[in-house]
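The values are calculated or read from the model by the stated rules, or taken from the named source; none is laboratory data. Note that the coordinates shown come from a computational prediction; the quantities given were computed from them, not determined experimentally. Note that each Cβ is placed from the backbone with ideal geometry, even for glycine, and that neighbours are counted across all protein chains shown.
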């Protein structure tokens with residue numbers, strides 16, 4: 001059997017979801033039997049060297065680089081999964097959505113009580129820097145997302161079960177306790 | 001603030017009982033049309049409650065307020081039939097004439113203008129409640145006339161038409177312009193029964209167990225919509241242990257498009273109360289409450305008069321009907337505007353002065369209900385029917401209807417038909433016949449059972465096999481079999497609490513009707529379960545996306561699968577809140593597909609260039625975007 005190709009990325013997230021992937025513990029050895037990783041922080045591939053079967057996205061989009069990266073993933077992955085609260089709903093970074101971007105930047109670089117060294121009022125506008133979006137958006141508002149795995153972070157078992165089901169083509173078991181949060 | 005002496009007086013009337021908070025607040029709102037902070041603090045201290053407990057009750061109900069309202073408060077109904085009859089124009093006229101916007105009070109404090117869910121006048125829309133007086137069949141001209149009259153300080157009653165409505169609507173204690181519009185009578189509405197005959201002479205012929213048995217034999221099922229067997233409910237209630245037992249008549253009739261209970265309350269109140277007495281006798285209850293929706297306040301004086309006369313004649317009180325030790329009395333509990341209070345456990349919460357949030361079940365009300373006592377909650381029509389069954393016998397009753405649905409059903413028919421009103425039909429009547437009855441010859445869709453029911457077409461669906469039908473989601477937990485093939489009113493095919501709304505071919509089913517229903521559920525959700533609090537909103541937004549032409553194929557599938565998550569809600573409101581969309585997808589899928597983009601799988605309005613504009617402007621950066629490739 002050909003190994004499925006998996007790619008992962010953390011956009012506007014905290015890498016907590018990736019930590020949760022690692023939390024599958026020794027099953028990662030089983031996983032390695034089933035898949036190979038391509039572009040991912042796991043193996044530090046910076047670019048896709050071949051098309052991936054499954055792309056896993058942690059975090060939403062808060063800047064232009066996130067958007068570019070996400071679109072890059074969509075072009076190169078057959079199936080794209082939003083992993084965790086930030087990818088699905090924007091999460092913690094999206095808390096700034098209620099505040100105009102200008103106000104956020106002013107507070108961070110000009111007026112904030114801890115801004116002391118930036119006396120000349122330099123703003124981050126170097127062309128190497130990603131540009132910040134006016135609001136943080138979830139991944140499915142930018143590209144088509146096929147599956148959503150909720151949680152903050154999603155439990156390792158959930159990630160494992162979902163990946164296992166996808167790779168083996170079985171239906172995922174979703175018992176009541178897993179979907180009932182209230 | 002309201003005078004302390006007045007508050008104290010009201011509190012004394014209810015013996016400082018926190019479980020009568022609804023009545024206390026209703027009485028306070030009569031003195032001053034809102035509850036100010038000092039009054040709330042005073043109440044909290046006197047009732048030994050926290051301020052928040054009182055505030056959460058106030059904020060739950062449409063007709064309570066913590067903000068000052070107007071001298072005249074106009075509640076304009078937002079039911080779909082009102083919207084079909086130019087509610088928009090009426091609203092604009094009100095806004096213009098009263099010089100205020102919807103859901104606000106005019107600057108001079110004269111007029112408060114508010115929107116409210118269906119007020120049970122669907123056959124005479126557009127309607128509004130102004131300071132508890134119902135005005136029906138509004139036109140722009142009438143609105144101008146009304147507002148002018150109110151500005152000139154005329155009595156609201158003088159502003160009604162010269163003629164009152166038919167029947168008891170013209171009673172001195174009702175004096176309302178509401179009309180009954182009874183169009184078809186059958187065994188229940190037929191006046192072949194002299195009220196109180198059962199209590200006076202029949203009751204002695206039965207033991208309580210025999211009454212329960214007789215109702216069980218008749219297979220009477222709850223007429224409020226859920227269809228729980230009444231006899232079984234009475235049996236459970238009589239078997240539960242408690243210091244007291246409680247009979248509640250549910251007259252909260254909040255399902256949009258339903259108004260048959262209003263007509264029963266107006267024309268058959270004696271039989272309804274008698275039904276409560278019979279239920280009390282059967283179950284050994286001593287406390288009786290009629291929970292009346294606030295919208296029907298205009299009937300309170302009249303209903304209380306009937307109760308008084310029953311007490312005088314010995315049909316309420318001690319040793320009723322000459323049965324030693326059978327003591328039972330009824331009081332009227334007004335609601336304050338909340339659809340979910342029609343759900344029996346929410347109704348009980350509301351009666352206890354709390355927010356009308358449904359309880360977790362079990363325990364069911366028949367085990368632990370009002371104040372923890374076993375409580376039997378029955379719909380108005382159920383109780384009226386029970387009296388007739390007890391008088392004429394279960395055998396007589398079972399001659400009508402179909403096997404699984406015996407007897408008859410009162411229908412409240414409204415919408416695009418010549419003769420909206422009340423029709424009593426036998427269960428099993430085909431929908432086509434109902435349409436002929438009410439003079440509806442241009443029918444695109446029929447909403448059976450209100451927004452929580454189903455939107456159906458008269459179109460024959462027999463080309464679908466049962467597997468295809470079974471794939472569809474199950475409404476109210478009832479089995480879907482081949483029942484979509486022959487559309488008949490019955491518990492196994494088209495169950496209904498009585499609401500039938502008809503839409504002709506000119507109506508925009510999705511944009512006009514389904515949207516209105518979804519907004520209704522969003523407005524009326526109590527917010528307790530996350531599914532019901534969020535999903536109707538998300539589904540409505542998705543529908544809007546489709547109607548705006550941004551929908552893709554998977555959006556329809558999303559709606560269908562999301563609808564299933566609503567089943568996790570605690571009560572019927574949440575569980576059925578997706579039905580307007582689900583049933584319209586099932587029966588009118590072509591309307592959705594018309595708007596769907598067939599060539600693309602994904603659509604978004606996200607635009608990277610636009611999204612970084614404010615950043616570029618602020619940091620003064622040239623609009624060059626970083627590209628990965």
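Across the range B:554-570, not a single residue is classified as modelled with pLDDT of 90 or more, in a loop (DSSP other than H, G, I, E, B) and over 20 Å from residue B:448 (Cβ atoms).
Scan the range B:538-549 for residues that are touching a helix residue (DSSP H, G or I) at 6+ places or on another chain (Cβ under 9 Å) and either outside any helix (DSSP H, G or I) or surrounded by fewer than 16 Cβ atoms within 10 Å (Cβ to Cβ) (or both) and the total you get is 4. Please verify whether residue B:56 is in a helix (DSSP H, G or I) and closer than 30 Å to residue B:16 by Cβ, treating the condition exactly as stated. Yes; evaluated as a whole, the condition is true for this residue.
Any residue that is in a helix (DSSP H, G or I), within 13 Å of another protein chain (Cβ to nearest Cβ), over 28 Å from residue B:496 (Cα atoms) and out of contact with any strand residue (DSSP E or B) (no Cβ under 8 Å at 6 or more places or on another chain) - is there at least one of those in the range B:582-604? Working first, answer last.
Filtering the range B:582-604 down to residues in a helix (DSSP H, G or I) leaves B:582-587, B:589-595.
With the extra rule that they be within 13 Å of another protein chain (Cβ to nearest Cβ), the set shrinks to none.
No, every residue in the range B:582-604 fails to be in a helix (DSSP H, G or I), within 13 Å of another protein chain (Cβ to nearest Cβ), over 28 Å from residue B:496 (Cα atoms) and out of contact with any strand residue (DSSP E or B) (no Cβ under 8 Å at 6 or more places or on another chain).
Given the structure, is residue A:65 in contact (Cβ under 8 Å) with a residue 60 or more places away in the chain, out of contact with any helix residue (DSSP H, G or I) (no Cβ under 7 Å at 6 or more places or on another chain) and in a helix (DSSP H, G or I)? So residue A:65 fits the description; yes.
So, in the range B:614-629, exactly how many residues are at the interface with chain A (Cβ under 7 Å from one of its Cβ atoms) and either modelled with pLDDT of 85 or more or assigned to a helix (DSSP H, G or I) (or both)? If you could, list the steps in order and put the result at the bottom.
If we filter the range B:614-629 for residues that are at the interface with chain A (Cβ under 7 Å from one of its Cβ atoms), which is where we start, we get B:614-616, B:618-621, B:624-628.
Add one more test, that the residue is either modelled with pLDDT of 85 or more or assigned to a helix (DSSP H, G or I) (or both), and what stays is B:614-616, B:618-619.
Of the residues in the range B:614-629, 5 are at the interface with chain A (Cβ under 7 Å from one of its Cβ atoms) and either modelled with pLDDT of 85 or more or assigned to a helix (DSSP H, G or I) (or both).
Counting only helices (runs of 4 or more DSSP H) that sit completely within the range B:251-344, zero hold 3 or more residues that are free of Cβ contacts under 8 Å to residues at least 40 places away in the same chain, in contact with a helix residue (DSSP H, G or I) (Cβ under 6 Å, 6 or more places away or on another chain) and surrounded by fewer than 24 Cβ atoms within 10 Å (Cβ to Cβ).
Within the range B:363-405, the residues that satisfy the criterion of being in a loop (DSSP other than H, G, I, E, B), in contact (Cβ under 8 Å) with a residue 60 or more places away in the chain and within 19 Å of residue B:489 (Cβ to Cβ) are B:398, B:400, B:402, B:404, B:405.
Within the range B:28-46, being within 14 Å of residue B:73 (Cβ to Cβ) and out of contact with any strand residue (DSSP E or B) (no Cβ under 9 Å at 6 or more places or on another chain) holds for B:29, B:30, B:32, B:34. Scanning the range B:10-20 for residues that are assigned to a helix (DSSP H, G or I) and either closer than 15 Å to residue B:331 by Cα or touching a strand residue (DSSP E or B) at 6+ places or on another chain (Cβ under 7 Å) (or both) yields a total of 3.
Can you give me the number of residues within the range A:108-120 that are surrounded by 14 or more Cβ atoms within 10 Å (Cβ to Cβ) and within 12 Å of chain B (Cβ to nearest Cβ)? Even if it seems obvious, please write down each step before you answer.
Pass one, the range A:108-120, residues surrounded by 14 or more Cβ atoms within 10 Å (Cβ to Cβ): A:108-109, A:115.
Pick out the ones that are also within 12 Å of chain B (Cβ to nearest Cβ) and you get A:108-109.
Number satisfying all stated conditions: 2.
Checking each residue in the range B:209-228 for being modelled with pLDDT of 90 or more and surrounded by fewer than 19 Cβ atoms within 10 Å (Cβ to Cβ) picks out B:209, B:210, B:213, B:216, B:217. Just to be sure I understand, how many residues within the range A:126-138 are surrounded by fewer than 22 Cβ atoms within 10 Å (Cβ to Cβ) and either facing another protein chain (nearest Cβ under 7 Å) or out of contact with any helix residue (DSSP H, G or I) (no Cβ under 8 Å at 6 or more places or on another chain) (or both)? Of the residues in that region, 6 qualify. Sort out which residues of the range B:414-430 are part of a loop (DSSP other than H, G, I, E, B) and in contact (Cβ under 8 Å) with a residue 60 or more places away in the chain, and write them in order of number. Matches in the range B:414-430: B:416, B:417, B:419, B:420, B:427, B:428, B:429.
Mind listing whichever residues of the range A:88-107 are part of a helix (DSSP H, G or I), in contact with a strand residue (DSSP E or B) (Cβ under 8 Å, 6 or more places away or on another chain) and within 13 Å of chain B (Cβ to nearest Cβ)? Spell out the reasoning first.
Our first condition is that a residue be part of a helix (DSSP H, G or I); within the range A:88-107, this holds for A:88-89, A:92-98, A:101-107.
Next cut, in contact with a strand residue (DSSP E or B) (Cβ under 8 Å, 6 or more places away or on another chain) only: A:88-89, A:93-94, A:96-97, A:101, A:105.
Within the range A:88-107, A:88, A:89, A:96, A:97, A:101, A:105 qualify.
Look at residue A:72 and say whether it is within 11 Å of chain B (Cβ to nearest Cβ), surrounded by fewer than 18 Cβ atoms within 10 Å (Cβ to Cβ), in contact (Cβ under 8 Å) with a residue 12 or more places away in the chain and not in a loop (DSSP other than H, G, I, E, B). So residue A:72 fails the test. The lone criterion from (1) within 14 Å of another protein chain (Cβ to nearest Cβ); (2) part of a helix (DSSP H, G or I) left unmet by residue A:17 is number (1).
Listed by first and then second residue, the pairs with beta-carbon distance under 8 Å, at least 6 apart or on different chains, first residue in the range A:139-156 and more than 10 Å from every other protein chain (Cβ to nearest Cβ), second modelled with pLDDT under 90 and in a loop (DSSP other than H, G, I, E, B), are A:156/A:24; A:156/A:25. So, of the residues in the range B:520-536 that are more than 14 Å from chain A (Cβ to nearest Cβ) and within 15 Å of residue B:581 (Cα to Cα), which turns out to be surrounded by the fewest Cβ atoms within 10 Å (Cβ to Cβ)? Among those that are more than 14 Å from chain A (Cβ to nearest Cβ) and within 15 Å of residue B:581 (Cα to Cα), it is B:522. Among the numbered conditions (1) part of a helix (DSSP H, G or I); (2) out of contact with any helix residue (DSSP H, G or I) (no Cβ under 7 Å at 6 or more places or on another chain); (3) under 30 Å from residue B:426 (Cβ atoms); (4) modelled with pLDDT of 90 or more, the only one that residue B:194 does not meet is (1). Restricting the range B:572-581 to residues that are in a helix (DSSP H, G or I) and more than 14 Å from every other protein chain (Cβ to nearest Cβ), the residue that is nearest to residue B:340 (Cα to Cα) is B:573.
Condition check ((1) part of a helix (DSSP H, G or I); (2) at pLDDT 90 or above) across all residues:
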{"site": "B:83", "(1), (2)": "yes, yes"}
{"site": "B:90", "(1), (2)": "yes, yes"}
{"site": "B:93", "(1), (2)": "yes, yes"}
{"site": "B:109", "(1), (2)": "no, no"}
{"site": "B:119", "(1), (2)": "no, yes"}
{"site": "B:123", "(1), (2)": "yes, yes"}
{"site": "B:138", "(1), (2)": "no, yes"}
{"site": "B:144", "(1), (2)": "yes, yes"}
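The combined condition, being outside any loop (DSSP other than H, G, I, E, B), surrounded by fewer than 16 Cβ atoms within 10 Å (Cβ to Cβ) and free of Cβ contacts under 8 Å to residues at least 60 places away in the same chain, is fulfilled by residue B:41. Under the condition of being closer than 24 Å to residue A:92 by Cα and modelled with pLDDT under 95, the residues counted in the range A:34-59 number 3.
Looking at A:166, A:123, just one residue is more than 12 Å from every other protein chain (Cβ to nearest Cβ) and either in a helix (DSSP H, G or I) or over 23 Å from residue A:69 (Cα atoms) (or both), and that residue is A:166.
Which of the residues that make up the range B:96-105 are surrounded by fewer than 18 Cβ atoms within 10 Å (Cβ to Cβ) and outside any strand (DSSP E or B)?
Within the range B:96-105, the subset surrounded by fewer than 18 Cβ atoms within 10 Å (Cβ to Cβ) is B:96, B:99, B:101-104.
Passing the criteria: B:96, B:99, B:101, B:102, B:103.
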